[in-house]
Amino acid sequence: MPALQSVKKPMNRRALLAAVIILVIIPATILMGIFVLDDRKYYFISLLIILYTLIPFALVFENRKPQARELIIIAVMSAIAVAGRGAFFMLPQFKPVVAIVIIAGISLGAEAGFLVGATAGFVSNFFFGQGPWTPWQMFCFGIIGYLAGLLATKGWLKKSKFSLCLFGGLATFIIYGGIINIGSLMMFTSQFSWNALLATYVSAFWFDMIHAISTIVFLYFLSKPMIEKLDRVKRKYGLL
């Protein structure tokens, strides 16, 4: 029993720290960038988000040194998300990023899911264009990966295609679309109003719908083979 408790404590501490950083500190940092730094220091805010994310992820290796192959998997998943976004540049909103981030969260854990999402949003915008929208996109991609990993750990999100597609479609439309539209409003006007927010949601409806459909499509075709390969690698090398 004492041994079991000693294992649970760092896990609980890490989960609590990750939740505080992702749900409180990162949104507060984004708002600081808007209201204190006049929405002009988006590189600085983006780097802070990545640094914040590294803290709970580093605690995964609290009692041992990380192996290079463990970090390589995170880097590879981030690179796949970036490449996927670039490969479909000609199709607005039809991107595989959210699907890959969800797969990373389910297979590698909530903290890794957020890290993959935030890194993919930051790096891919070197091709699509950096701006005050970058921290918002990083947070939106990351929070979906974090929630996917958290729900999978609790057993509430299964690895079946139906479960993943349902979660992916709803998360992309409601969470990503819901948050990024607030960010869009705050980027383009200094005066918040409910009418302006409603107009933003209405004008973005079909963009968000296409984004959600693309996530469903990519999860349907990619989730099973990618999750199986990641699980096989984890078992073979005893990773994460």
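The values are calculated or read from the model by the stated rules, or taken from the named source; none is laboratory data. Since we're looking at a predicted model, the values are computed, not measured. Cβ coordinates were reconstructed from backbone atoms using ideal geometry, including for glycine residues, and neighbour counts include every protein chain displayed.
In the set ALA19, ALA75, ALA81, which member is in a helix (DSSP H, G or I), at pLDDT 80 or above and within 14 Å of MET138 (Cβ to Cβ)? Outline the logic, then answer.
Working: ALA19 fails: within 14 Å of MET138 (Cβ to Cβ); ALA75 fails: within 14 Å of MET138 (Cβ to Cβ).
When all the criteria are applied, what remains is ALA81.
Looking for something within 22 Å of ASP231 (Cβ to Cβ) and touching a residue at least 60 places away in the same chain (Cβ under 8 Å) - is there at least one such residue anywhere in segment 129-147? Yes, segment 129-147 contains at least one residue that is within 22 Å of ASP231 (Cβ to Cβ) and touching a residue at least 60 places away in the same chain (Cβ under 8 Å). Return the residue satisfying two criteria in turn: it lies in segment 92-107 and is at pLDDT 90 or above and more than 12 Å from the chain's Cα centre (by Cα), and of such residues it is surrounded by the fewest Cβ atoms within 10 Å (Cβ to Cβ). Among those that are at pLDDT 90 or above and more than 12 Å from the chain's Cα centre (by Cα), it is PHE94.
Among the residues in segment 221-238, are any of a type in the set (Val, Ile, Thr), over 25 Å from ALA68 (Cβ atoms) and in contact (Cβ under 8 Å) with a residue 12 or more places away in the chain? No - not one qualifying residue is present in segment 221-238. Selection over segment 185-216 of residues that are without any contact (Cβ under 8 Å) to a residue 12 or more places away in the chain and either of a type in the set (Val, Ile, Thr) or more than 22 Å from ALA171 (Cα to Cα) (or both) gives a count of 10.
Where helices (runs of 4 or more DSSP H) fall entirely within segment 127-240, none has at least 3 residues that are touching a strand residue (DSSP E or B) at 6+ places or on another chain (Cβ under 9 Å), at pLDDT 95 or above and surrounded by 15 or more Cβ atoms within 10 Å (Cβ to Cβ).
Please verify whether ALA118 is closer than 25 Å to LEU185 by Cα, surrounded by 21 or more Cβ atoms within 10 Å (Cβ to Cβ) and among the small types (Gly, Ala, Ser), treating the condition exactly as stated. Yes. A Cβ distance below 8 Å, combined with a sequence gap of six or more or placement on separate chains, defines the contacts here; from segment 13-26, residues that are touching a residue at least 40 places away in the same chain (Cβ under 8 Å) reach residues that are of a type in the set (Asp, Glu) and in a helix (DSSP H, G or I) in the pairs ARG14/GLU111; ALA18/GLU111. A single entry from LEU198, LEU230, LEU219 fulfils the requirement of being over 15 Å from CYS140 (Cβ atoms) and under 17 Å from the mean Cα position of the chain (by Cα): LEU219.
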